[in-house]
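The next block holds one structure in the form of C-alpha coordinates; read it before the comments.
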Amino acid sequence: MTSVIALAVAAGAAHAGGIERSNNDYGFLFTRNDQVQLSFSHVMPELSGTYTADLTALGGGESSTGNMQNDYSNYSFAYKNDLNEKFTLGMYVNNPYGAGSEYTQGVYAGLTADWDSDQVALVGKYRVTDRVSVFAGARYVDSNAEITIPDLLVRSAVGRNAQGLGAQAQALGAEAQALGAQAQAAGAAGDLATAQALGAQAQSLGAQAQALGAQAQGLGAAAQDFGTSMEYNASGSRVGDWGAILGVAYEIPDIALRVALSWQSEITHNFRTSETIDGLGINTTSGETKVTMPQSVALDFQSGIAPGTLLFGQVKWVEWSKWEVRTPEYENVTGGNVTGFESDSVTWKLGVGRAFTEDLSGFVQVTYEAQNGDTASRLSPRDGFTSFGVGGQYKMDNMTLRGGIEYVWLGDAEDASGVKFEDNTALGVGLSLTVDF
(Lines give C-alpha, C1' and ligand atoms only; values in the text may rest on other atoms or scores of the structure.)
Protein backbone atom coordinates (compact mmCIF):
# COMPACT_ATOMS: atom_id res chain seq x y z
CA MET A 1 0.00 0.00 0.00
CA THR A 2 2.78 2.47 0.77
CA SER A 3 3.95 2.41 -2.86
CA VAL A 4 0.64 3.79 -4.22
CA ILE A 5 -0.18 6.45 -1.63
CA ALA A 6 2.00 9.06 -3.35
CA LEU A 7 0.46 8.66 -6.82
CA ALA A 8 -0.64 12.28 -7.06
CA VAL A 9 1.47 13.21 -10.08
CA ALA A 10 -0.45 13.64 -13.34
CA ALA A 11 0.66 15.10 -16.62
CA GLY A 12 -0.64 18.56 -15.81
CA ALA A 13 -2.61 19.26 -18.97
CA ALA A 14 -5.85 20.07 -17.12
CA HIS A 15 -6.27 22.20 -14.03
CA ALA A 16 -9.03 24.07 -12.27
CA GLY A 17 -10.29 26.54 -14.86
CA GLY A 18 -9.10 30.02 -15.72
CA ILE A 19 -5.35 30.33 -16.33
CA GLU A 20 -4.19 27.91 -13.62
CA ARG A 21 -1.26 25.75 -14.68
CA SER A 22 -0.06 24.05 -11.49
CA ASN A 23 -0.99 23.75 -7.84
CA ASN A 24 0.49 22.80 -4.49
CA ASP A 25 -0.02 19.13 -3.60
CA TYR A 26 -0.50 19.33 0.18
CA GLY A 27 -0.68 15.52 0.33
CA PHE A 28 3.11 15.72 -0.03
CA LEU A 29 3.26 16.86 3.61
CA PHE A 30 1.85 13.49 4.72
CA THR A 31 4.40 11.25 2.98
CA ARG A 32 6.98 9.28 4.94
CA ASN A 33 10.56 10.45 5.48
CA ASP A 34 12.19 13.73 4.49
CA GLN A 35 11.92 14.28 0.75
CA VAL A 36 12.91 16.46 -2.19
CA GLN A 37 10.79 16.33 -5.34
CA LEU A 38 11.57 17.70 -8.81
CA SER A 39 8.78 17.74 -11.42
CA PHE A 40 8.42 18.67 -15.07
CA SER A 41 5.38 18.76 -17.36
CA HIS A 42 4.84 19.75 -20.98
CA VAL A 43 1.45 20.53 -22.49
CA MET A 44 0.57 20.63 -26.20
CA PRO A 45 -2.87 22.22 -26.83
CA GLU A 46 -4.71 22.17 -30.14
CA LEU A 47 -7.18 25.03 -29.75
CA SER A 48 -8.73 26.78 -32.75
CA GLY A 49 -11.97 28.51 -33.68
CA THR A 50 -14.15 29.24 -36.70
CA TYR A 51 -15.00 32.84 -37.61
CA THR A 52 -18.48 34.04 -38.49
CA ALA A 53 -19.14 34.89 -42.15
CA ASP A 54 -18.74 38.64 -41.47
CA LEU A 55 -15.44 38.16 -39.62
CA THR A 56 -14.22 35.81 -42.34
CA ALA A 57 -14.83 38.54 -44.92
CA LEU A 58 -13.02 41.13 -42.78
CA GLY A 59 -10.09 38.74 -42.41
CA GLY A 60 -9.57 38.36 -46.15
CA GLY A 61 -11.53 35.12 -46.47
CA GLU A 62 -9.74 33.19 -43.70
CA SER A 63 -12.35 31.23 -41.76
CA SER A 64 -10.15 29.66 -39.06
CA THR A 65 -8.21 31.23 -36.21
CA GLY A 66 -5.56 28.51 -36.45
CA ASN A 67 -4.09 27.02 -33.27
CA MET A 68 -4.06 30.02 -30.92
CA GLN A 69 -2.58 28.34 -27.82
CA ASN A 70 1.18 27.88 -27.55
CA ASP A 71 2.76 24.78 -26.03
CA TYR A 72 4.09 25.35 -22.53
CA SER A 73 6.24 23.67 -19.89
CA ASN A 74 6.14 23.80 -16.11
CA TYR A 75 8.91 23.11 -13.61
CA SER A 76 8.37 22.64 -9.91
CA PHE A 77 10.30 21.86 -6.74
CA ALA A 78 8.99 20.60 -3.41
CA TYR A 79 10.78 19.95 -0.14
CA LYS A 80 9.44 18.28 2.99
CA ASN A 81 11.14 17.82 6.38
CA ASP A 82 9.79 16.16 9.53
CA LEU A 83 11.27 18.37 12.22
CA ASN A 84 9.90 16.06 14.92
CA GLU A 85 7.02 13.61 15.45
CA LYS A 86 4.51 16.44 15.53
CA PHE A 87 5.73 19.14 13.17
CA THR A 88 6.48 19.00 9.43
CA LEU A 89 7.77 21.80 7.23
CA GLY A 90 7.12 21.95 3.49
CA MET A 91 8.18 24.26 0.67
CA TYR A 92 6.84 24.53 -2.89
CA VAL A 93 8.29 26.37 -5.89
CA ASN A 94 6.28 26.34 -9.15
CA ASN A 95 4.45 28.31 -11.86
CA PRO A 96 0.84 28.62 -10.65
CA TYR A 97 -0.67 30.72 -13.46
CA GLY A 98 0.12 31.27 -17.10
CA ALA A 99 -1.20 32.05 -20.55
CA GLY A 100 0.30 32.04 -24.01
CA SER A 101 -2.24 33.05 -26.64
CA GLU A 102 -1.19 33.91 -30.20
CA TYR A 103 -3.63 34.25 -33.09
CA THR A 104 -1.97 34.00 -36.50
CA GLN A 105 -4.86 33.66 -38.98
CA GLY A 106 -7.82 35.77 -40.02
CA VAL A 107 -9.20 38.89 -38.43
CA TYR A 108 -7.76 38.02 -34.98
CA ALA A 109 -4.23 37.76 -36.38
CA GLY A 110 -1.86 39.74 -34.16
CA LEU A 111 -3.87 39.18 -30.98
CA THR A 112 -1.36 37.93 -28.41
CA ALA A 113 -1.36 37.59 -24.64
CA ASP A 114 1.26 36.32 -22.22
CA TRP A 115 0.94 35.83 -18.48
CA ASP A 116 3.89 34.54 -16.48
CA SER A 117 4.03 33.81 -12.77
CA ASP A 118 6.22 32.17 -10.14
CA GLN A 119 5.29 30.96 -6.67
CA VAL A 120 7.11 30.12 -3.45
CA ALA A 121 5.00 28.64 -0.64
CA LEU A 122 6.01 27.67 2.91
CA VAL A 123 3.65 25.42 4.86
CA GLY A 124 3.84 23.94 8.34
CA LYS A 125 1.83 20.85 9.36
CA TYR A 126 1.08 20.04 12.99
CA ARG A 127 -0.10 16.58 14.01
CA VAL A 128 -2.75 17.19 16.67
CA THR A 129 -3.56 13.49 17.21
CA ASP A 130 -2.79 10.25 15.38
CA ARG A 131 -5.71 11.05 13.09
CA VAL A 132 -6.08 14.84 12.99
CA SER A 133 -3.61 17.32 11.51
CA VAL A 134 -3.73 21.01 10.70
CA PHE A 135 -1.52 22.93 8.31
CA ALA A 136 -1.01 26.60 7.49
CA GLY A 137 1.39 28.81 5.66
CA ALA A 138 1.95 31.60 3.19
CA ARG A 139 2.60 31.81 -0.53
CA TYR A 140 4.28 34.53 -2.52
CA VAL A 141 3.25 34.91 -6.17
CA ASP A 142 4.87 37.32 -8.61
CA SER A 143 3.47 37.90 -12.09
CA ASN A 144 3.84 39.97 -15.22
CA ALA A 145 1.66 40.23 -18.31
CA GLU A 146 1.68 41.59 -21.86
CA ILE A 147 -1.07 41.85 -24.47
CA THR A 148 -1.48 43.12 -28.01
CA ILE A 149 -4.93 43.64 -29.58
CA PRO A 150 -4.98 44.26 -33.35
CA ASP A 151 -6.37 47.33 -35.06
CA LEU A 152 -9.78 46.05 -36.18
CA LEU A 153 -10.73 44.60 -32.77
CA VAL A 154 -9.85 47.83 -30.97
CA ARG A 155 -11.49 49.96 -33.64
CA SER A 156 -14.78 48.05 -33.38
CA ALA A 157 -14.72 48.22 -29.56
CA VAL A 158 -14.10 51.99 -29.67
CA GLY A 159 -16.91 52.41 -32.21
CA ARG A 160 -19.38 50.48 -30.06
CA ASN A 161 -18.41 52.57 -27.05
CA ALA A 162 -18.92 55.77 -29.06
CA GLN A 163 -22.43 54.65 -30.01
CA GLY A 164 -23.21 53.83 -26.39
CA LEU A 165 -21.92 57.19 -25.18
CA GLY A 166 -23.93 58.95 -27.85
CA ALA A 167 -27.11 57.20 -26.72
CA GLN A 168 -26.37 58.19 -23.12
CA ALA A 169 -25.81 61.79 -24.20
CA GLN A 170 -29.17 61.88 -26.00
CA ALA A 171 -30.95 60.41 -22.97
CA LEU A 172 -29.37 62.97 -20.63
CA GLY A 173 -30.19 65.79 -23.07
CA ALA A 174 -33.85 64.75 -23.18
CA GLU A 175 -33.96 64.58 -19.39
CA ALA A 176 -32.38 68.03 -19.17
CA GLN A 177 -35.01 69.46 -21.54
CA ALA A 178 -37.81 67.92 -19.48
CA LEU A 179 -36.43 69.43 -16.28
CA GLY A 180 -36.04 72.79 -18.03
CA ALA A 181 -39.71 72.70 -19.01
CA GLN A 182 -40.69 71.90 -15.42
CA ALA A 183 -38.52 74.80 -14.21
CA GLN A 184 -40.30 77.20 -16.59
CA ALA A 185 -43.68 75.97 -15.41
CA ALA A 186 -42.70 76.43 -11.76
CA GLY A 187 -41.44 79.96 -12.49
CA ALA A 188 -44.67 80.86 -14.29
CA ALA A 189 -46.59 79.64 -11.23
CA GLY A 190 -44.53 81.90 -8.96
CA ASP A 191 -42.56 79.08 -7.28
CA LEU A 192 -39.15 80.61 -7.80
CA ALA A 193 -37.27 78.29 -5.41
CA THR A 194 -38.47 75.17 -7.24
CA ALA A 195 -37.78 76.79 -10.59
CA GLN A 196 -34.18 77.60 -9.59
CA ALA A 197 -33.55 74.06 -8.26
CA LEU A 198 -34.97 72.40 -11.37
CA GLY A 199 -33.08 74.82 -13.60
CA ALA A 200 -29.79 73.99 -11.88
CA GLN A 201 -30.43 70.24 -12.34
CA ALA A 202 -31.28 70.78 -16.00
CA GLN A 203 -28.11 72.80 -16.53
CA SER A 204 -25.96 70.12 -14.86
CA LEU A 205 -27.49 67.31 -16.94
CA GLY A 206 -27.11 69.40 -20.07
CA ALA A 207 -23.40 69.88 -19.37
CA GLN A 208 -22.97 66.12 -18.82
CA ALA A 209 -24.80 65.42 -22.05
CA GLN A 210 -22.54 67.82 -23.96
CA ALA A 211 -19.39 66.23 -22.48
CA LEU A 212 -20.56 62.71 -23.34
CA GLY A 213 -21.58 63.85 -26.79
CA ALA A 214 -18.17 65.39 -27.42
CA GLN A 215 -16.44 62.23 -26.21
CA ALA A 216 -18.67 60.07 -28.41
CA GLN A 217 -18.01 62.27 -31.41
CA GLY A 218 -14.23 62.15 -30.87
CA LEU A 219 -14.12 58.38 -30.42
CA GLY A 220 -16.47 57.81 -33.34
CA ALA A 221 -14.31 59.93 -35.65
CA ALA A 222 -11.17 58.08 -34.52
CA ALA A 223 -12.83 54.72 -35.14
CA GLN A 224 -13.61 55.81 -38.72
CA ASP A 225 -10.11 57.16 -39.39
CA PHE A 226 -8.33 54.22 -41.03
CA GLY A 227 -5.24 56.32 -41.68
CA THR A 228 -3.97 55.79 -38.14
CA SER A 229 -3.39 52.53 -36.27
CA MET A 230 -5.66 51.59 -33.38
CA GLU A 231 -3.51 48.63 -32.31
CA TYR A 232 -3.41 48.34 -28.54
CA ASN A 233 -0.31 47.31 -26.60
CA ALA A 234 -0.12 46.96 -22.83
CA SER A 235 2.26 45.47 -20.28
CA GLY A 236 2.14 45.06 -16.53
CA SER A 237 5.54 45.16 -14.85
CA ARG A 238 6.40 42.22 -12.59
CA VAL A 239 4.88 42.52 -9.13
CA GLY A 240 4.72 40.12 -6.18
CA ASP A 241 2.19 39.72 -3.39
CA TRP A 242 1.39 37.39 -0.46
CA GLY A 243 -1.49 35.02 0.23
CA ALA A 244 -2.46 32.63 3.03
CA ILE A 245 -2.88 28.84 3.19
CA LEU A 246 -4.99 26.96 5.74
CA GLY A 247 -5.95 23.30 5.95
CA VAL A 248 -7.13 20.41 8.12
CA ALA A 249 -6.90 16.67 7.57
CA TYR A 250 -8.31 13.47 9.06
CA GLU A 251 -6.53 10.11 8.67
CA ILE A 252 -6.95 6.42 9.40
CA PRO A 253 -3.47 5.15 8.52
CA ASP A 254 -4.34 1.44 8.70
CA ILE A 255 -6.51 1.73 5.57
CA ALA A 256 -4.62 4.66 3.95
CA LEU A 257 -7.63 6.93 4.48
CA ARG A 258 -7.07 10.66 4.42
CA VAL A 259 -9.51 13.49 3.85
CA ALA A 260 -8.03 16.99 3.67
CA LEU A 261 -9.69 20.39 3.24
CA SER A 262 -7.44 23.24 2.13
CA TRP A 263 -8.00 26.94 1.41
CA GLN A 264 -5.82 29.40 -0.45
CA SER A 265 -6.65 33.08 -0.11
CA GLU A 266 -6.91 35.46 -3.04
CA ILE A 267 -3.88 37.53 -3.97
CA THR A 268 -4.24 41.06 -5.33
CA HIS A 269 -1.70 42.38 -7.81
CA ASN A 270 -1.44 46.10 -8.54
CA PHE A 271 0.45 46.25 -11.82
CA ARG A 272 2.19 49.37 -12.98
CA THR A 273 0.78 49.49 -16.51
CA SER A 274 2.06 50.80 -19.82
CA GLU A 275 -0.54 51.36 -22.58
CA THR A 276 -0.33 52.63 -26.16
CA ILE A 277 -2.92 53.30 -28.90
CA ASP A 278 -1.30 55.51 -31.53
CA GLY A 279 -4.57 56.39 -33.25
CA LEU A 280 -5.92 57.92 -30.03
CA GLY A 281 -2.66 59.51 -28.90
CA ILE A 282 -2.41 57.19 -25.89
CA ASN A 283 1.11 56.51 -24.65
CA THR A 284 1.34 56.17 -20.91
CA THR A 285 3.58 54.31 -18.48
CA SER A 286 2.02 55.46 -15.22
CA GLY A 287 -1.27 53.55 -15.11
CA GLU A 288 -2.27 51.05 -12.43
CA THR A 289 -4.25 47.86 -13.00
CA LYS A 290 -5.66 45.84 -10.12
CA VAL A 291 -5.98 42.09 -10.79
CA THR A 292 -7.27 39.61 -8.22
CA MET A 293 -5.81 36.12 -8.38
CA PRO A 294 -8.70 34.01 -7.05
CA GLN A 295 -9.13 32.17 -3.79
CA SER A 296 -9.69 28.41 -3.89
CA VAL A 297 -11.02 25.59 -1.72
CA ALA A 298 -10.05 21.97 -2.35
CA LEU A 299 -11.28 18.73 -0.78
CA ASP A 300 -8.80 15.89 -1.32
CA PHE A 301 -9.43 12.30 -0.33
CA GLN A 302 -7.84 8.87 -0.60
CA SER A 303 -8.65 5.46 0.81
CA GLY A 304 -7.48 1.91 0.43
CA ILE A 305 -10.25 -0.17 -1.14
CA ALA A 306 -8.39 -3.49 -1.38
CA PRO A 307 -4.87 -4.70 -0.56
CA GLY A 308 -2.49 -2.68 -2.73
CA THR A 309 -5.28 -0.57 -4.27
CA LEU A 310 -5.96 3.09 -3.55
CA LEU A 311 -8.95 5.25 -4.51
CA PHE A 312 -8.17 8.98 -4.65
CA GLY A 313 -9.80 12.19 -5.85
CA GLN A 314 -10.38 15.90 -5.44
CA VAL A 315 -13.14 18.50 -5.67
CA LYS A 316 -11.80 22.02 -6.18
CA TRP A 317 -13.60 25.37 -6.36
CA VAL A 318 -11.83 28.47 -7.67
CA GLU A 319 -13.37 31.96 -7.69
CA TRP A 320 -12.42 32.85 -11.24
CA SER A 321 -15.35 35.27 -11.51
CA LYS A 322 -13.21 37.83 -9.62
CA TRP A 323 -10.39 37.68 -12.16
CA GLU A 324 -10.33 40.32 -14.87
CA VAL A 325 -7.82 42.59 -16.54
CA ARG A 326 -9.28 46.10 -16.73
CA THR A 327 -6.57 48.57 -17.72
CA PRO A 328 -7.46 52.27 -17.25
CA GLU A 329 -6.87 53.70 -20.73
CA TYR A 330 -8.44 50.74 -22.54
CA GLU A 331 -11.53 50.95 -20.34
CA ASN A 332 -11.76 54.70 -20.93
CA VAL A 333 -11.92 54.37 -24.72
CA THR A 334 -13.79 51.06 -25.08
CA GLY A 335 -15.93 50.98 -21.94
CA GLY A 336 -14.89 47.41 -21.12
CA ASN A 337 -12.13 45.18 -19.84
CA VAL A 338 -9.30 43.56 -21.76
CA THR A 339 -10.27 40.06 -20.65
CA GLY A 340 -11.88 38.17 -17.76
CA PHE A 341 -14.00 35.21 -16.71
CA GLU A 342 -17.69 35.34 -15.86
CA SER A 343 -18.07 32.29 -13.58
CA ASP A 344 -16.25 30.33 -10.91
CA SER A 345 -14.99 26.83 -11.69
CA VAL A 346 -15.58 23.51 -9.94
CA THR A 347 -13.27 20.68 -10.98
CA TRP A 348 -13.72 17.00 -10.08
CA LYS A 349 -11.04 14.33 -10.14
CA LEU A 350 -11.30 10.59 -9.42
CA GLY A 351 -8.60 7.96 -9.80
CA VAL A 352 -7.38 4.51 -8.76
CA GLY A 353 -3.81 3.53 -7.95
CA ARG A 354 -2.56 -0.06 -7.88
CA ALA A 355 0.67 -1.60 -6.56
CA PHE A 356 1.84 -4.35 -8.90
CA THR A 357 4.99 -5.15 -6.91
CA GLU A 358 6.83 -3.60 -3.96
CA ASP A 359 8.56 -1.25 -6.42
CA LEU A 360 6.15 -0.75 -9.32
CA SER A 361 2.74 0.98 -9.18
CA GLY A 362 0.33 2.53 -11.66
CA PHE A 363 -2.74 4.77 -11.74
CA VAL A 364 -5.60 5.98 -13.92
CA GLN A 365 -7.65 9.11 -13.30
CA VAL A 366 -10.49 11.13 -14.82
CA THR A 367 -10.89 14.89 -14.36
CA TYR A 368 -14.05 16.84 -15.21
CA GLU A 369 -15.10 20.47 -15.23
CA ALA A 370 -18.66 21.24 -16.33
CA GLN A 371 -19.53 23.76 -19.03
CA ASN A 372 -21.19 26.96 -17.78
CA GLY A 373 -22.32 28.51 -21.08
CA ASP A 374 -20.47 31.78 -20.48
CA THR A 375 -19.04 33.98 -23.20
CA ALA A 376 -15.49 32.70 -23.63
CA SER A 377 -12.41 34.82 -23.06
CA ARG A 378 -10.17 34.98 -26.15
CA LEU A 379 -7.29 34.37 -23.73
CA SER A 380 -8.67 30.93 -22.81
CA PRO A 381 -11.51 30.07 -25.22
CA ARG A 382 -12.80 26.84 -23.73
CA ASP A 383 -15.78 25.98 -21.57
CA GLY A 384 -15.05 23.10 -19.21
CA PHE A 385 -13.15 19.94 -20.08
CA THR A 386 -12.86 16.20 -19.56
CA SER A 387 -9.49 14.49 -19.27
CA PHE A 388 -8.13 10.98 -18.88
CA GLY A 389 -4.71 10.35 -17.37
CA VAL A 390 -2.59 7.25 -16.87
CA GLY A 391 0.83 6.81 -15.32
CA GLY A 392 2.95 5.02 -12.80
CA GLN A 393 5.94 5.05 -10.51
CA TYR A 394 9.03 2.95 -9.95
CA LYS A 395 10.94 2.91 -6.68
CA MET A 396 14.72 2.44 -6.63
CA ASP A 397 16.31 2.43 -3.17
CA ASN A 398 15.67 5.98 -1.87
CA MET A 399 14.46 7.37 -5.21
CA THR A 400 11.04 7.20 -6.84
CA LEU A 401 10.47 8.03 -10.49
CA ARG A 402 6.91 8.90 -11.56
CA GLY A 403 5.48 9.69 -14.96
CA GLY A 404 2.13 10.21 -16.60
CA ILE A 405 0.31 11.21 -19.75
CA GLU A 406 -3.03 13.02 -19.91
CA TYR A 407 -5.40 13.60 -22.83
CA VAL A 408 -7.94 16.42 -22.57
CA TRP A 409 -11.16 17.06 -24.46
CA LEU A 410 -11.71 20.83 -24.20
CA GLY A 411 -15.30 22.05 -23.91
CA ASP A 412 -16.81 23.92 -26.88
CA ALA A 413 -17.09 27.69 -26.40
CA GLU A 414 -18.11 30.90 -28.17
CA ASP A 415 -16.59 34.35 -27.69
CA ALA A 416 -18.29 37.76 -27.73
CA SER A 417 -17.86 38.09 -31.52
CA GLY A 418 -19.54 34.77 -32.25
CA VAL A 419 -16.33 32.85 -33.00
CA LYS A 420 -16.92 29.18 -32.16
CA PHE A 421 -14.16 27.05 -30.65
CA GLU A 422 -15.14 23.40 -31.09
CA ASP A 423 -13.61 19.90 -31.06
CA ASN A 424 -10.38 21.03 -29.39
CA THR A 425 -7.95 18.90 -27.37
CA ALA A 426 -4.70 18.99 -25.41
CA LEU A 427 -2.04 16.43 -24.58
CA GLY A 428 0.26 16.64 -21.57
CA VAL A 429 3.14 14.58 -20.23
CA GLY A 430 4.76 14.80 -16.83
CA LEU A 431 7.78 13.42 -14.95
CA SER A 432 8.70 13.58 -11.28
CA LEU A 433 11.70 12.41 -9.27
CA THR A 434 11.48 12.10 -5.49
CA VAL A 435 14.48 11.46 -3.26
CA ASP A 436 14.10 10.29 0.36
CA PHE A 437 16.83 11.19 2.82
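Largest first, how would Leu310, Leu58, Leu198, Leu433 line up by accessible area (1.4 Å probe)? Walk me through the numbers before you get to the answer.
On the way: Leu310 0, Leu58 110, Leu198 30, Leu433 60 Å².
Descending accessible area places them as Leu58, Leu433, Leu198, Leu310.
Just grab the label-to-label distance for Ala197 and Leu299, each label 7 Å out from Cα along the Cβ direction, in nm (one decimal).
Placing both labels 7 Å along Cα→Cβ, they lie 5.7 nm apart.
For a quick check of understanding: with a 1.4 angstrom probe and all protein chains in place, what accessible area in square angstrom does Leu83 have, to the nearest ten?
100 Å²
Count charges around Glu231 for me, please; just the other residues with Cβ under 9 Å from its Cβ, Lys/Arg as +1, Asp/Glu as -1.
That sum, taken over residues with Cβ under 9 Å, equals -2.
Helix 151-188 against the longest principal axis of the chain: what's the angle in degrees, Cα atoms only, rounded to the nearest 10?
50 degrees
What does the net charge come to around Ile245 if you take all other residues with beta carbon closer than 15 Å to its beta carbon, with K and R at +1 and D and E at -1?
Working: positive: Lys80, Lys125, Arg139, Lys316; negative: Asp25, Asp241, Glu266, Asp300.
Neighbourhood net charge equals 0.
Considering only the other residues whose Cβ falls under 14 Å of the Cβ of Leu152, what net charge follows from Lys and Arg at +1 and Asp and Glu at -1?
Numbers: positive: Arg155, Arg160, Arg378; negative: Asp54, Glu62, Asp151, Asp225, Glu231.
Within the 14 Å Cβ shell, the charges total -2.
I'd like the projected area of the range 145-302, averaged over all directions, using the convex hull of its alpha carbons. Report it in nm² with one decimal. Mind showing how you got there, number by number?
On the way: hull surface 68.1 nm².
The orientation-averaged projected area of the Cα hull of the range 145-302 comes to 17.0 nm².
Accessible area per residue, 1.4 Å probe, Å², for the chain: what's the number? The partial results should precede the final answer.
On the way: 20030 Å² over 437 residues.
Solvent-accessible surface per residue comes out at 46 Å².
Summing -39500 (n - 2.57) over the DSSP H runs of n ≥ 4 in the chain and dividing by its residue number, what mean residue ellipticity at 222 nm do you reach, to the nearest 500 deg cm²/dmol? All intermediate terms of the calculation are to be shown ahead of the outcome.
Details: 4 runs with 84 residues, N = 437.
Roughly -6500 deg cm²/dmol at 222 nm, from the helical runs in the chain.
How high is the relative contact order of the range 315-356, in percent, with contacts defined as C-alpha pairs under 8 Å that are six or more residues apart? Could the numbers behind the result be given before it?
Details: 51 pairs, mean separation 20.1, N = 42.
Averaging sequence separation for qualifying contacts and normalising by length gives 48 percent for the range 315-356.
Could you list, bin by bin from short to long, the percent of Cα-Cα pairs of the range 352-414 in 5 Å steps?
4, 16, 19, 14, 12, 10, 9, 7, 6, 3, 0
What do you get for the angle between helix 192-224 and the principal long axis of the chain? Use alpha-carbon atoms, 0 to 90 degrees, nearest ten.
Rounded to the nearest ten degrees, it is 70.
Enter the accessible area of Thr425 (Å², nearest 10), with the probe set to 1.4 Å and all protein chains included.
30 Å²
Just to verify a number: FRET efficiency for Leu58 and Tyr368, C-beta to C-beta distance, R0 = 35 Å, to 0.05?
Values: r = 37 Å, r/R0 = 1.05.
Calculated transfer efficiency: 0.40.
Would you kindly state how much longer the chain becomes between Glu331 and Asn398 on full extension, computed as 0.36 nm times their sequence separation minus their alpha carbon distance, in nm to one decimal? Numbers along the way, then the final one.
Values: separation 67, 0.36 × 67 = 24.12 nm, distance 5.57 nm.
Going from the current span to full extension adds 18.5 nm.
Debye calculation, C-alpha points only, no solvent: report log10 I(q)/I(0) for the chain at q = 0.11, 0.13 Å⁻¹, in the same order as the q values.
Taken in order of the listed q values, log10 I(q)/I(0) reads -0.89, -1.12.
When the Cα centres of the range 181-213 and the range 239-265 are compared, how far apart do they sit, in Å?
62 Å
Keeping all protein chains in position, work out how much accessible area Val248 exposes to a 1.4 Å probe, and write it in Å² to the nearest 10.
Approximately 70 Å² of Val248 is accessible to the 1.4 Å probe.
On a C-alpha basis, how far is the centre of the range 306-369 from the centre of the range 30-48 in Å? Whole number, if you could?
Their Cα centres are 14 Å away from one another.
For the range 390-437, what's the relative contact order in percent, using C-alpha pairs closer than 8 Å and at least 6 residues apart?
On the way: 77 pairs, mean separation 19.3, N = 48.
With pairs under 8 Å counted, the relative contact order is 40 percent.
R0 = 41 Å: FRET efficiency of Glu46 with Val134, Cβ-based, nearest 0.05? Spell out each step's value before the answer.
Details: r = 43 Å, r/R0 = 1.04.
The formula returns an efficiency of 0.45 here.
Could you tell me the relative contact order of the range 278-437? Use alpha-carbon pairs under 8 Å, at least six residues apart, and round to a whole percent.
Values: 358 pairs, mean separation 23.4, N = 160.
RCO, the range 278-437: 15 percent.
Name the GluC sites (Glu not before Pro) in the range 359-437 that are in a loop by DSSP and that have at most 16 other C-beta atoms within 10 Å, would you? Provide the component values of the computation, followed by the final result.
Numbers: sites: Glu369, Glu406, Glu414, Glu422; in loops: Glu422.
Of the GluC sites (Glu not before Pro), the ones in loops of the range 359-437 whose Cβ has at most 16 other Cβ atoms within 10 Å are Glu422.
Using the basic label-point model (7 angstrom from Cα toward the beta carbon), what is the Asp241 to Lys420 distance in nanometres?
Between Asp241 and Lys420, the label points sit 3.9 nm apart.
What size of dipole, in debye to the nearest 20, comes out for the chain about its Cα centre when the only charges are +1 on Lys and Arg C-beta atoms and -1 on Asp and Glu C-beta atoms? Don't skip to the end; give the middle numbers.
Numbers: 24 positive and 48 negative charges, 193 e Å.
Charge dipole of the chain: 920 debye, to the nearest 20.
How much of the accessible area of the chain, probe 1.4 Å, is carbon plus sulfur, in whole percent? Numbers along the way, then the final one.
Numbers: 10960 of 20030 Å².
It is 55 percent, rounded to a whole number.
The values are calculated or read from the model by the stated rules, or taken from the named source; none is laboratory data. Everything quoted here is computed from the prediction, not taken from an experiment. Ideal geometry is used to build each Cβ from the backbone, glycine not excepted, and the neighbour counts take in all protein chains shown. Surface accessibility is based on the protein's heavy atoms, side chains included, excluding ligands, DNA and RNA. Shrake-Rupley method; radii C 1.70, N 1.55, O 1.52, S 1.80 Å.
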